[in-house]
1. I'd like to know if the stretch 240-248 contains one or more residues that are closer than 15 Å to Cys126 by Cβ, touching a helix residue (DSSP H, G or I) at 6+ places or on another chain (Cβ under 7 Å) and buried (at least 20 other Cβ atoms within 10 Å of the Cβ).
2. Which one of these does Glu167 not meet: (1) out of contact with any helix residue (DSSP H, G or I) (no Cβ under 7 Å at 6 or more places or on another chain); (2) closer than 26 Å to Asn14 by Cα; (3) not aliphatic (A, V, I, L, M)?
3. Would you mind finding the one in Ala53, Ala2, Ala81, Ala73 that is more than 16 Å from the ligand (Cβ to nearest atom), free of Cβ contacts under 8 Å to residues at least 12 places away in the same chain, farther than 23 Å from Ala165 by Cβ and of a type in the set (A, V, I, L, M)?
4. Within the stretch 23-38, can you find the residues that are among the aliphatic types (A, V, I, L, M) and either farther than 16 Å from Trp11 by Cβ or part of a loop (DSSP other than H, G, I, E, B) (or both)?
5. Identify, by number, the condition in (1) part of a loop (DSSP other than H, G, I, E, B); (2) within 24 Å of Ala201 (Cβ to Cβ) that Gln158 doesn't meet.
6. Are any of the residues in the stretch 170-182 of a type in the set (Gly, Ala, Ser), more than 13 Å from the ligand (Cβ to nearest atom) and surrounded by fewer than 24 Cβ atoms within 10 Å (Cβ to Cβ)?
7. Tell me, please, whether a residue that is away from the ligand (no atom under 12 Å from the Cβ) and in a strand (DSSP E or B) can be found in the stretch 194-208.
8. Can you name every residue in the stretch 156-169 that is surrounded by 17 or more Cβ atoms within 10 Å (Cβ to Cβ) and either free of Cβ contacts under 8 Å to residues at least 12 places away in the same chain or within 16 Å of the ligand (Cβ to nearest atom) (or both)?
Amino acid sequence: MARRKIIAGNWKMNKTPSEAVALVNELKPLVACDDVDVVFCVPAIDIIPVMEAAKGSNIQVGAENMYYEESGAYTGEISPAMLTDVGVKYVVLGHSERREYFAETNETVNKKVLKAFEHGITPIMCCGETLDQREQGVTIDFIRQQIKVGLQNVTADQAKTMVIAYEPIWAIGTGKVATTEQAQEVCAAIRACVGEIYDEATAQAIRIQYGGSVSAASAPELFAQNDIDGGLVGGAALKPDFGKIVNYK
Ligand code: PEP
């Protein structure tokens with residue numbers, strides 16, 4: 001069965017609520033497309049206004065992070081129930097910026113993935129190597145560990161519905177896109193790893209995105225690869241170009 005592509009924007013720490021509404025209004029007609037899932041992952045404070053602005057369109061709204069506890073003394077955190085209460089369906093977990101600046105580990109990412117599933121939120125779980133790791137030849141080993149720990153106690157039925165984003169850290173926000181071959185090779189290795197953990201049916205169902213300086217120019221070739229089921233897009237998700245990425249065919 002063909003996997004439906006999923007193209008998600010990661011807005012990072014950009015756009016005030018009023019700027020966010022203006023951007024959604026600008027992008028809404030450009031990202032209209034029946035063939036792919038389109039998700040805008042936005043800062044927490046923008047979620048409600050973006051939901052309102054996106055009403056009646058094909059845009060689904062996701063969060064950029066979430067905590068793994070239900071509620072309580074966790075100043076500054078956002079709970080899963082806070083997200084589901086306003087209709088959030090996706091959450092980006094374990095982005096490399098969260099790992100680097102906010103001390104997220106494979107273990108905390110795993111706790112968040114499990115908690116997201118408990119609440120019916122689809123995780124977009126990120127993985128990816130540094131340039132040093134690539135040059136040392138340990139890319140696949142490193143990513144297999146991220147996947148294996150990130151998926152601990154996740155059932156096959158849950159894994160089938162989730163999204164993994166492969167984002168080489170050296171390609172994020174740098175303008176350096178992985179070559180199509182590099183991206184396909186790692187996405188295929190991720191799918192094989194999922195097959196080892198679960199089974200072939202799960203490996204074939206899970207959706208794997210590539211992320212890292214995706215542009216309107218690079219998207220068509222990247223998204224045509226066998227194991228690349230769409231993209232997680234940072235910088236270009238804030239521009240009209242995102243419409244071209246969504247309508248890459
Ligand atoms: C990202 O933030 O997940 C990302 C891939 O950013 P960019 O597209 O800007 O490299």
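The values are calculated or read from the model by the stated rules, or taken from the named source; none is laboratory data. Computed from a predicted structure; not experimentally measured. Cβ placement follows ideal geometry from the backbone for every residue including glycine, while neighbour counts extend to all protein chains displayed.
1. No, because not a single residue in the stretch 240-248 is closer than 15 Å to Cys126 by Cβ, touching a helix residue (DSSP H, G or I) at 6+ places or on another chain (Cβ under 7 Å) and buried (at least 20 other Cβ atoms within 10 Å of the Cβ).
2. Against the list (1) out of contact with any helix residue (DSSP H, G or I) (no Cβ under 7 Å at 6 or more places or on another chain); (2) closer than 26 Å to Asn14 by Cα; (3) not aliphatic (A, V, I, L, M), Glu167 comes up short only on (1).
3. One residue alone meets the criteria, Ala73.
4. Answer for the stretch 23-38, where residues must be among the aliphatic types (A, V, I, L, M) and either farther than 16 Å from Trp11 by Cβ or part of a loop (DSSP other than H, G, I, E, B) (or both): Leu30, Val31, Ala32, Val36.
5. Condition (1) is where Gln158 drops out.
6. no
7. Within the stretch 194-208 (the criterion being away from the ligand (no atom under 12 Å from the Cβ) and in a strand (DSSP E or B)), the answer is yes, since at least one residue qualifies.
8. Once the filter is applied, which keeps residues that are surrounded by 17 or more Cβ atoms within 10 Å (Cβ to Cβ) and either free of Cβ contacts under 8 Å to residues at least 12 places away in the same chain or within 16 Å of the ligand (Cβ to nearest atom) (or both), the stretch 156-169 yields Val163, Ile164, Ala165, Tyr166, Glu167, Pro168, Ile169.
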